[in-house]
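Data first, discussion second: the structure below is written as structure tokens.
The values are calculated or read from the model by the stated rules, or taken from the named source; none is laboratory data. Please read all numbers here as calculations on a predicted model, not as lab measurements. Neighbour counts run over all protein chains shown; Cβ positions are idealised from the backbone, glycine included.
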Amino acid sequence: MRNNIKDAAVDLITRRGYHAVTFREIAEAVKTTRANLHYHFGNKDKMIEEVLADYTAATTEFYRATFTAPQPSLRNKMRSIKDFLEGRYKHFNPTGLTSDPWSLSARLRSDWEVLSPEMKTLLRNFSAENEIFVRIGVALAVNSGELREDTPQEKVALLLLNNILYAANLTRDTQSFDRLTELWEATLDAIEGAYGTRLEEEEAHAASPSAPKTKKTRQKIEQQS
């Protein structure tokens, strides 16, 4: 029952926000009583705090596992994040052509002034922790030779983080997830165009077999020898 209540709360609060959802509506959604909700959670704020804690923990763990993995490439890691978020979007926008809210964290941020101190702390920590994991993902791309050693890692991480943090805003404004996908791919194209090593390798190979090699090419040669 407790998990059913929290699932209903996530769905209703994501759709309608903090103000509009009542204990009565949540109770009706799971076919129980308001007294039962009070028994399990005490009050509305305590319930939302627990729901938000579960939500941010699950999301952060997915980001951690994705960005800290040695493989795949940074682009494919971002695509995994995109697929994860698109699953949430489609739950609330099954036709793919609507702009209904789909992110609990983004929905609650829009009600920031009425959130409890605990909710605000959870949201701040959520953003801070995910920024760390994005930075790790960028650093791994540099260490592997996917991006050049002179890549401005902080700036690249900020670009990618903002694509993630404001994903819900873009889908709301464009009424489609496709536009978000285009933005992410364009951002990665720009990053790879400016700091990627693959183009350098291709140009060096075309120019001369004795042309200077990038870090990634040198590593491959060393491994082969």
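A few comments on the model shown:
- Flag if residue 86 is of a type outside the set (S, T, N, Q) and in a helix (DSSP H, G or I): yes
- Residue list for region 119-166, restricted to those being under 26 Å from residue 45 (Cα atoms) and either out of contact with any Ser or Thr (no Cβ under 9 Å at 6 or more places or on another chain) or among the hydrophobic types (A, V, I, L, M, F, W, C) (or both): 119, 120, 121, 122, 123, 124, 126, 128, 165, 166
- Selection from region 63-72 of residues that are at pLDDT 95 or above and either over 18 Å from residue 131 (Cβ atoms) or exposed (fewer than 15 other Cβ atoms within 10 Å of the Cβ) (or both): 65, 68, 69
- Of all residues in region 73-96 being in contact (Cβ under 8 Å) with a residue 40 or more places away in the chain and aromatic (Phe, Trp, Tyr), the one that is surrounded by the fewest Cβ atoms within 10 Å (Cβ to Cβ): 92
- Contact map, region 122-139: first residue within 20 Å of residue 52 (Cα to Cα), second residue assigned to a helix (DSSP H, G or I) and among the acidic types (Asp, Glu), Cβ cut-off under 9 Å, separation 6 or more or different chains; pairs are 122/49.
- Residues that are among the charged types (D, E, K, R) and either within 16 Å of residue 161 (Cβ to Cβ) or touching a Leu at 6+ places or on another chain (Cβ under 6 Å) (or both), drawn from region 61-77: 64, 75, 77
- Set 128, 167: member being over 23 Å from residue 198 (Cβ atoms) and crowded, with 19+ Cβ neighbours inside 10 Å: 167
- Taking region 14-63 as the range and being of a type in the set (Ser, Thr, Tyr) and assigned to a helix (DSSP H, G or I) as the test, the residues that pass are 14, 18, 39, 55, 56, 59, 60, 63.
One line per residue, one yes/no per condition, for (1) surrounded by 13 or more Cβ atoms within 10 Å (Cβ to Cβ); (2) under 20 Å from residue 58 (Cβ atoms); (3) in contact with a His (Cβ under 9 Å, 6 or more places away or on another chain); (4) at pLDDT 95 or above:
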site	(1), (2), (3), (4)
114	no, no, yes, no
120	yes, yes, no, yes
138	yes, no, no, yes
172	yes, no, no, no
202	no, no, no, no
206	no, no, no, no
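- The set of residues in region 12-46 that are under 19 Å from residue 102 (Cα atoms), without any contact (Cβ under 8 Å) to a residue 60 or more places away in the chain and surrounded by 16 or more Cβ atoms within 10 Å (Cβ to Cβ) comprises 12, 21, 26, 29.
- Filter pass, residue 99 being surrounded by fewer than 19 Cβ atoms within 10 Å (Cβ to Cβ), among the small types (Gly, Ala, Ser) and modelled with pLDDT of 95 or more: no
- Tally, over region 90-104, of residues that are touching a helix residue (DSSP H, G or I) at 6+ places or on another chain (Cβ under 6 Å) and either basic (Lys, Arg) or assigned to a helix (DSSP H, G or I) (or both): 1
- Restricting attention to region 11-42, the residues that are out of contact with any Asp or Glu (no Cβ under 8 Å at 6 or more places or on another chain) and under 14 Å from residue 119 (Cα atoms) add up to 1.
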